[in-house]
Amino acid sequence: MSELSIWHPFTQDAVDPAPIAIERAEGVYLYTADGRRLIDAISSWWVNLHGHAHPLIADAIARQARELEHVIFAGFTHQSAEELVRRLKPFLPPSIEHIFFSDDGSTAVEVAIKMAVQYWWNQGRHEKCKLVALDHAYHGDTFGAMSVGDDGAFVEPFNSLRFPVWRVPSAYCFRCPVGEERATCKIDCVEPLAQLLEEKHGEIAAVIVEPLLQAAGGMIAHPVEFLERIRKLCTEHNVLLIADEVLTGFGRCGRMFASELAGVAPDIMCLSKGLTGGFLPLGATVCTSAIREVFRSRDRTRTFFHGHSYTGNPLACAAGIASLQIFESEPVFERIAGIEQIHAERLPSLKNHPAVADVRSIGTVAALELDAEDAGYLSDLRPFLYNFFLGKGVLLRPLGNIVYVLPPYAITPSELHFVYDVITEALDSLPAR
Ligand code: PLP
């Protein structure tokens with residue numbers, strides 16, 4: 001053991017296998033130090049878009065490193081940030097006109113929360129400071145993000161420090177929170193939010209959602225009408241809508257941003273993960289001019305006093321530019337459509353498997369909810385399946401009893417079919433329950 005032993009995230013040494021050393025990666029493959037090759041079917045915690053070590057992004061970072069590796073972003077700017085923003089703008093809703101950089105998904109969420117609260121504060125509305133979040137939400141591991149995230153094992157030790165939020169049902173159709181059937185329902189699950197906004201809008205700064213797909217909470221895909229209704233309610237009640245597109249952004253749900261699928265323009269959007277193609281950490285919180293304007297003043301107390309050392313890092317911005325160039329130079333949305341098609345081909349037969357309770361998919365993301373008495377993140381199914389998949393050369397990391405596929409867009413049809421074959425084999429190998 002080295003003198004400074006590495007403490008890996010989300011890892012319990014006593015029960016989890018030792019970390020696997022990866023020497024290099026290319027396309028969808030991770031190459032292990034002991035000579036194995038693994039398909040990265042979860043895009044390395046949902047960040048990778050175009051495959052590992054894509055030469056265009058690697059070269060862009062190397063070029064940038066020789067010119068300007070980093071510079072303070074308060075009072076300074078650089079070509080790399082300016083160009084990234086120029087290239088990003090056309091993909092965003094037209095009403096989104098400002099961007100604030102940070103470091104990762106969690107900090108993009110922290111910025112969104114603080115921006116929303118201070119938006120009202122700067123207008124003298126100090127009482128309009130509460131947040132509304134959904135059941136099953138996950139927005140990151142920092143304190144603001146943990147507060148808007150749902151209760152559970154991840155955050156329990158910190159409950160006394162999480163700020164209170166109002167929580168409302170999510171459109172988890174398989175386990176409908178209001179006992180309806182999707183085929184006949186009128187998105188009745190949004191009613192508690194409607195009522196809360198009606199009664200408390202004067203105290204509410206913003207509603208925060210993962211648009212159309214709650215990821216860590218169980219890969220729960222929502223009907224587009226759910227998001228449409230939330231947008232309408234926020235507008236009616238003068239409450240900001242924050243869309244956390246940290247996972248759903250950059251094509252993951254079939255369009256550049258999931259909000260687009262519902263024709264919805266949020267007031268604030270959080271971006272990260274795929275923003276750099278999965279090469280470097282970078283967060284961004286984008287917002288409307290209506291929000292930006294209330295921070296402009298000769299009164300310095302209205303300043304947004306938030307900034308991280310590596311804000312707007314040029315290397316990360318260069319990776320982001322190259323990733324967006326790949327969207328133009330390679331058939332990325334055709335690849336995405338191809339992945340969607342294979343999900344649509346393979347999921348129906350898996351739905352009939354005796355171990356499977358539900359299947360769902362949106363864009364490039366597919367999920368199987370398995371029957372389990374201990375359903376939830378800490379389900380015993382998870383270690384069995386994780387090790388099974390690795391043994392077959394596939395990195396899949398179930399969320400408890402939820403097995404999901406979230407591949408880099410560069411995965412080929414035969415590789416994705418192989419992933420599904422391995423999942424089928426795993427389900428057949430499950431001990432009878
Ligand atoms: N928001 C969502 C929707 C996420 O899925 C995640 C991470 O998985 C985060 C925020 C936090 O991002 P990060 O891990 O980069 O801090």
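For the reader, a short list of remarks on this structure follows.
- Taking (1) of a type outside the set (A, V, I, L, M); (2) crowded, with 21+ Cβ neighbours inside 10 Å; (3) over 16 Å from Gly274 (Cα atoms) in turn, His50 satisfies each apart from (3).
- Restricting segment 30-40 to residues that are within 15 Å of Ile411 (Cβ to Cβ) and more than 16 Å from the ligand (Cβ to nearest atom), the residue that is surrounded by the fewest Cβ atoms within 10 Å (Cβ to Cβ): Arg37
- Some residue of segment 176-187 being more than 16 Å from the ligand (Cβ to nearest atom), in a helix (DSSP H, G or I) and touching a residue at least 24 places away in the same chain (Cβ under 8 Å): no
- Residue check for Glu97: away from the ligand (no atom under 16 Å from the Cβ) and closer than 30 Å to Ala316 by Cβ: yes
- Hey, Leu134 touching a residue at least 60 places away in the same chain (Cβ under 8 Å), hydrophobic (A, V, I, L, M, F, W, C) and either touching a His at 6+ places or on another chain (Cβ under 8 Å) or closer than 21 Å to His308 by Cα (or both) or not: no
- Residues in segment 210-265 that are more than 26 Å from Gln341 (Cα to Cα), within 16 Å of the ligand (Cβ to nearest atom), of a type in the set (Val, Ile, Thr) and in contact with a helix residue (DSSP H, G or I) (Cβ under 6 Å, 6 or more places away or on another chain): Ile242 alone.
- Residues of segment 257-281 classified as more than 13 Å from the chain's Cα centre (by Cα) and either surrounded by fewer than 24 Cβ atoms within 10 Å (Cβ to Cβ) or farther than 13 Å from Pro94 by Cα (or both), total: 11
- Each residue in segment 141-158 was checked for being closer than 21 Å to Ile204 by Cα and either touching a residue at least 60 places away in the same chain (Cβ under 8 Å) or not acidic (Asp, Glu) (or both), and 8 of them qualify.
- If the condition is being assigned to a helix (DSSP H, G or I) and either at pLDDT below 95 or surrounded by 13 or more Cβ atoms within 10 Å (Cβ to Cβ) (or both), then segment 141-175 contributes Phe143, Gly144, Ala145, Met146, Ser147, Val148, Cys173, Phe174, Arg175.
The values are calculated or read from the model by the stated rules, or taken from the named source; none is laboratory data. Just so you know, these numbers come straight off a predicted model, no measurement behind them. Glycine gets a Cβ as well: all are built from the backbone with ideal geometry, and neighbour counts include every protein chain shown.
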